[in-house]
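Beneath this line is the structure, given in C-alpha cells, with notes to follow.
What follows draws every value from the coordinates through simple rules; no lab data is involved. Note that the coordinates shown come from a computational prediction; the quantities given were computed from them, not determined experimentally. Here Cβ is always computed from backbone atoms with ideal geometry, including for glycine, and neighbour counts include all displayed protein chains.
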Amino acid sequence: MGVFHSAPYEHEFHALAEKTGFSLEQISILHKRFMQLSHNEDSLRREDFKTISDLASNPIRFQIIEAFFDKRNFRQNGEGSVEEISFEQFLTVMSHFRPVPVHTMTEEQRESLRREKLRFLFNMHDTDNDGTITLEEYRRVVEELLSRSGALGKETAKGIADAAMLEVASVSVGHMEPDEFYEGITFDHFLKILNGIEIETRMHIRFLNMDTTNLCK
Amino acid sequence: MALGRLALGTVGASRRVSLQRGLLFLCALVLLLLSEAVEPLGASGSPGGAGDSSGGSHGLQKGCEADVTKSKHPTNRTKKPFPVLSFDYEHVKTPFEISLWVLLASLMKLGFHLIPRLSSIVPESCLLIVVGLLVGGLIKVVGETPPVLDSQVFFLFLLPPIILDAGYFLPIRPFSENLGTILMFAVVGTLWNSFFMGGLLYGVCQIKGTDLNTVNLLACLLFGSIISAVDPVAVLAVFEEIHINELLHILVFGESLLNDAVTVVLYHLFEEYAGVGSVSILDVFLGVVCFLVVALGGVLVGAFYGILAAFTSRFTSHTRVIEPLFVFVYSYMAYLSAEVFHLSGIMALIACGAVMRPYVEANISHKSHTTIKYFLKMWSSVSETLIFIFLGVSTVAGNHSWNWTFVTVTIILCLVSRVLGVVGLTYVINKFRIVKLTTKDQFIVAYGGLRGAIAFSLGYLLDKSHFPMRDMFLTAIITVIFFTVFVQGMTIRPLVDLLAVKKKQETKRSINEEIHTQFLDHLLTGIEDICGHYGHHHWKDKLNRFNKKYVKKCLIAGERSKEPQLIAFYHKMEMKQAIELVESGGGVKLPSAVPSTVSMQNIQPKKPPSDRAIPQISKGREEEIRKILRNNLQKTRQRLRSYNRHTLVADPYEDGWNDLLFKRQKLMEIEKKMSKMSNYLTVPAAAPDSPTLSRARLASDPQAYSSKPTSDDLPTIKVDLASPQSPDSVNLVNEFQKAATQNDPDDDGGLVMKVPFADKDQGEQDNKKEQQRLMRCLSDPGPGGDEEEDEPFLP
C-alpha cells in the first residue's frame, strides 16, 4: 500500500505514462487493481476476469473479456488473441477509455480519436478479423445484447440484426442490383453509420474518481 | 360577434387580418363594457377571479313569477307580461369572460402566423405582450379598469399546464447527464444573483439623493430573489423557436425549472423577516434546511403521485377513454399537494411527469398517448398565450411608481450578475466536465436567462402594508421582464446564427445507433467493473436492473413488462413504418429515410450458413407448394368477409363492406409493396396478447376486447422477400407453427388463417426458412402525417 510498494515500479510507470497517456496516479491505481485480479502474478488470464462478480450480469461480458485478449487492441498491429496479458497490455486496452479533452483538439485530432475508438468497437464485433462485420457476426452481437431477455430474444434478434444490416447497406451503398450481395459492414461504413453518436465524447470512464477503498475488497 | 365571425370567415391578406383583429378588439371591448356596466372589476379582479358576482342574484327569469330576491313581498306584485326574451348576463359572467379571454388569446396566436414574416423576426411572446398592452390600453381608454393578472389564477391555473408539458416530455438522458451542471446553475447561480443584486441595490438605495432610503436591506434582498430567477415560461417561449442544440437547451431550461425551490425558500425567508427587520444565523441555517426539505419534498411528492399514476394505468385496458384523465389529474394533484405544504410545486410536477412517463406509455393505447400529447401542448400553449397577454394588460392596469435610478440599476445589475455568475460557475464546473462548456455556450446560457411572469406574480403577492415600496418593485420587475423578453428574446435568434452555435440535429434515431448506444452502455459498465470502481455507468446499470426486475413488473401490465428496450424501440419503429406504409396509400414511392434499392435479398447470404440444414426441395415441389398456398390465400380472402371482431386486428372503421373491400385492396397493394420494401417490417413473433398487438387491437374501440388465449387466430401475412431460392411469393402462414398441426379449422367462425400444409416437412421448411413477416398492426394510424413526433414515446 502506498509508497513502499510503488518504488520498484516507478520508472516503469513513467515509461508507461509516456506510452499510454495515463497519469502516474492513475497507473498506480490500475496496477493495484491488476495485482488484485491476477492474484499478484505478472499476467492476467481469462479466468481471472470471471471472478469479478459485477461482470456476471453484463450481457456482453464475453466480448469485453475477449477484447482484452485481442492483439488488435494492443496498438502493435498484431492479430489473433493471446492467452494471458501483461500489465502493459492491460493498460493499453484501458487507454482506449481515457477521457480526452475534446474541445481543445483540432478537427483532424478529433477524427483520429473517433476512428480509434470506433476501431475498438469494430474489433469487438469482427471476431474473425476479416475486416468486415458479416450478417452472422452482427446477429450474434444483437443476440448477446438481448441475451437476458429469454426466449423472446432469439427471433427478434435476427429480425433486428437484419434490419440494421439493411440500413447500413442502404446508407452506405445506396443502390444495389437484386442479385448483388452485400458482404458485410466494412470499417468505413461503420464509421459512416455511427456518425450520429458522438463517440469521442461518450466512450470514456472517469479514471480520476476511482475509489481505492473498493480495491481492497 | 356575428360581424367578427364574418370577417374571420375568410383567410386573407394582412389587411383583412388587421381588420379582423380590430373587429375582435371591438367585440371584446363591447362585451367587457357590458360586464363592467353591471359590476366594475376591482383592482385585484380578473376574469377568473372571485365568484362574488355570481353570488347574489341568479336570474332565473324563466317566466314564472318566482322570487329572485328575498326582499320582495310575494303579495303585492302586479302581473307582468310573459317575458319571451330576457337578458341575464350575471349568471354566466365568469365563465363567459374566461372563454372570451381564451378565445382572444387563441385568435391572436392564429393571427400572428397569418402574417408572413412577422413570426420569424419577433418571437411570439413579444407580440402577445404588445397585444396585451393594446387591449389594456383600449380598456383604459374606455374608462374601465383593466384586470390585473391575479397571482392565484396564475399559480393555480396558468402555470401548471406549462410545467407539466415540460416535465412530461423532459428528455431524461441529457437531463440526467448534465444534472450536476444544471443544479449548480440553478442553486448556486440563483443564490449568487439574489445576493449580489440585493446587496448592490441596497448600496445604491443608501446613496443620498435618490430618495430610496426607505428600502431596507431585507426588502432589497427579497426583491433580488424575486427578480433573479430565470423563468421557465419565457425560456420555453423563446428557445422553442430558435432550435438550439440539445445541451444548451437542457441547461437553460433545466436551470429555470430547478431554481424554483431556491426562489420559494428565499422568498418566504425574506418575506417572513422583512417585517421583523433582521435575520439571525439560526434563520439562515433553518433556511438551508428548508431548502432541502422544499426541494426533496417536492420531488418525493411528485414521484409518489407519478408511481400512483403508473400503477393506475396498469388497469386501464378496459377503459381506454379515461386514460389521459389519470395522467392530468394525478399530476395536478401532485402540484396542489406540494403547494399545500409550501414545497416546490414545480419540482413536484416535473418529478411526477418524468417518473410516470415510461410506465404509463407502456400501458396506454396509442390514441391515449396522442391525446395526452396534444392536450398538454394545447393547454400549455393557451396558458402561455394568456400569461403574456395578461402581462401586457397588467402593465397598463397596475399602479406604477417609476424611479429612474432604481429601474436602470436593476436592469444593469441583472445583466452583470448573470454574466458574472455564469462565467464564474462555468469555470468551476468545467473542472468536472468532460465535455467542457465553451465561451459560446456560456454566452448563450447567460443571454438566455430570461425573466417572466413568475417574477411578476411573486411581486404582486407582496403585502403592501409590509412593503410600501411594492409598486416601485412591480414597476421594476415589469421593466426587467420587458427588457429581457423584448431585447434579449428578439436578438437571441440572430445572435445564435451569428455565432454559429450548433443547432438541434433533426436526424431520427436509427436502429444501428440504438444498438450501439446500448452496446456502449454495457461496455462502459463492464470496463468500470473491471477497474473496480463504482462510477456513473455502474450505478445507472444497477438502477436499470432494479427497474427491470421489480418496478416494471409492478407498474406495467402484461407482457410488456418484460420487453427489453431494444425490442421496444424496434417495434416502435416498425409500427411507424407500417403506419407510413398505409398512409402513403397509393403513392408510388415508399417513404423511407434513405431512398435506395437495397432490399433484404442483397443481405442474405447466398449460401445458407452451415449451422442450418435446410432440406433442399426440387423446383417442381416448390411450384406445388406455392400453388397450394395461393389457393388458400384466395380462400382466406373470401373468408375475410366473415370476420369476427375478436379475431381480426381491429379496424377503426368497424362497419361497412366498403371498408372491407378497401382493406382488401390495401392488402393487395401492401403485398405489392412488400416486394420493394426496404426496412423494418420484419417483426417475427409478437404473442397475440403481447401489449404491442393488444394495443393495436384495443386502440380504437372503447369496448372491451379479450385477448384470445389461443395463439393461432391472428392472421399474419408472411411475405417472402425473395430468398435466393424462390422469386416473390406470398405465403400466408400461421404465426405460431407449433399449433398449426393441431388446429381445428373454423372453431369459432372467425378468420382463422392457418398453415394449410399437407405434410410435415414443408412445415419444417417454413420454420427454417428465413422470411420476413408483416404484422398487421395497422389499426391505429393516429391523427395524420404530422404525427411524426420529435421525441419517442417509448424511451
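If you take all other residues with their beta carbon under 13 Å from the beta carbon of B:VAL501, and give Lys and Arg +1 and Asp and Glu -1, the sum is +2. For peptide A:187-198, the mean count of partner chain Cβ atoms within 10 Å of a residue's Cβ comes to 3. Membrane-span-like helices in chain A, defined purely by DSSP H runs whose alpha carbon atoms cover 24 Å or more axially and whose average Kyte-Doolittle hydropathy reaches 1.6, do not occur. Using θ = phi - 60° in the Karplus curve 6.51 cos²θ - 1.76 cosθ + 1.60, the 3J(HN,Hα) couplings for the stretch B:224-237 round to x, 5, 5, 7, 8, 7, 5, 9, x, 5, 5, 4, 4, 4 Hz; x is entered for Gly and Pro.
When restricted to Cα atoms, the stretch B:365-467 yields an Rg and a Dmax of 19.9, 58 Å, respectively. Near B:GLY459, once Lys and Arg are set to +1 and Asp and Glu to -1 for all other residues with Cβ below 14 Å from its Cβ, the sum equals -2.
Entry for chain A at q = 0.09, 0.17, 0.18 Å⁻¹: log10 I(q)/I(0) = -0.44, -1.35, -1.45, Debye formula applied to identical alpha-carbon scatterers, no solvent contribution. Rounded to the nearest whole Hz, the Karplus-based 3J(HN,Hα) values (6.51 cos²θ - 1.76 cosθ + 1.60, θ = phi - 60°) of the stretch B:455-465 follow the sequence 4, 4, 5, 5, x, 5, 6, 4, 7, 5, 5, with x at glycine and proline. Residues whose amide H lies under 5 Å from that of A:SER81, counting only those 5 or more places away or on a different chain, are A:LYS71; hydrogens are built 1.01 Å from N in the peptide plane. When the Cα positions of B:GLY287, B:TRP402, B:VAL360 are compared along the charge dipole of the stretch B:151-499, B:VAL360 comes out farthest toward the positive end, with charges on each C-beta of Lys, Arg, Asp and Glu. Charge dipole (Cα centre; +1 on Lys/Arg Cβ, -1 on Asp/Glu Cβ; no other charges) of the stretch B:370-510 amounts to roughly 800 debye. Annotation: amide H of B:ILE244 within the under-5 Å range of B:LYS504, sequence separation 5 or more or interchain, hydrogens built in the peptide plane. Between A:LEU191, A:SER147, A:HIS175, the Cα set farthest toward the positive side of the dipole of the stretch A:121-193 (charges on each charged residue's Cβ, about the Cα centre) is that of A:SER147. Rounded to the nearest 20, the size of the Cβ-charge dipole of the stretch B:82-219 about its Cα centre is 400 debye, with Lys and Arg at +1 and Asp and Glu at -1. I'd like the chymotrypsin sites (Phe, Trp or Tyr not before Pro) in the stretch B:368-471 restricted to DSSP loop residues with at most 15 other Cβ atoms within 10 Å, sorted by number. The qualifying sites are B:TRP402, B:PHE432. Taken over the stretch A:42-81, the alpha-carbon convex hull comes to 77 cubic angstrom per residue. The residue among B:LEU524, B:THR475, B:TYR460 whose Cα reaches farthest toward the positive pole of the charge dipole of the stretch B:425-540, with charges on the beta-carbon of Lys, Arg, Asp and Glu, is B:THR475. Take the Cα of A:ALA15, step 7 Å toward its Cβ, do the same at B:LYS549, and the gap between the two points is 4.5 nm. Compute the whole-percent fraction of alpha carbon pairs in the stretch B:151-499 spaced more than 25 Å apart. Tail fraction, whole percent: 53. The residues packed around B:ALA476, meaning those with a beta-carbon under 12 Å from its beta-carbon, carry a net charge of +1 if Lys and Arg are +1 and Asp and Glu are -1.
Our helix-only sum for chain A, with -39,500 (n - 2.57) per DSSP H run of n ≥ 4 divided by its residues, gives a mean residue ellipticity at 222 nm of -15000 deg cm²/dmol.
Rounded to the nearest 20, the Cβ-based charge dipole of the stretch A:121-193 about its Cα centre (Lys and Arg +1, Asp and Glu -1) stands at 460 debye. Qualifying GluC sites (Glu not before Pro) in the stretch A:11-41, where qualification requires a DSSP coil assignment and no more than 13 other C-beta atoms within 10 Å, comprise A:GLU41. When the pairs B:LYS377/B:LYS572; A:LYS192/B:LYS503; A:LYS32/B:LYS549 are compared against a 24 Å limit on Cα-Cα distance, A:LYS32/B:LYS549 fall above it. With R₀ fixed at 56 Å, the C-beta to C-beta distance from A:SER43 to B:ALA500 puts the FRET efficiency at about 0.65. Over every Cα atom in the stretch A:121-193, the radius of gyration and the widest Cα-Cα span, Dmax, amount to 12.7, 38 Å.
Run the paramagnetic zone check for B:HIS342: 7 angstrom along Cα to Cβ, then residues of the stretch B:213-227 with backbone nitrogen under 20 Å. Residues passing the 20 Å test: B:218-227.
Packing, taken as the mean count of other beta carbons within 10 Å per residue, orders the peptides A:75-86, B:254-265, B:287-298, B:116-127 from highest to lowest as B:254-265, B:287-298, B:116-127, A:75-86.
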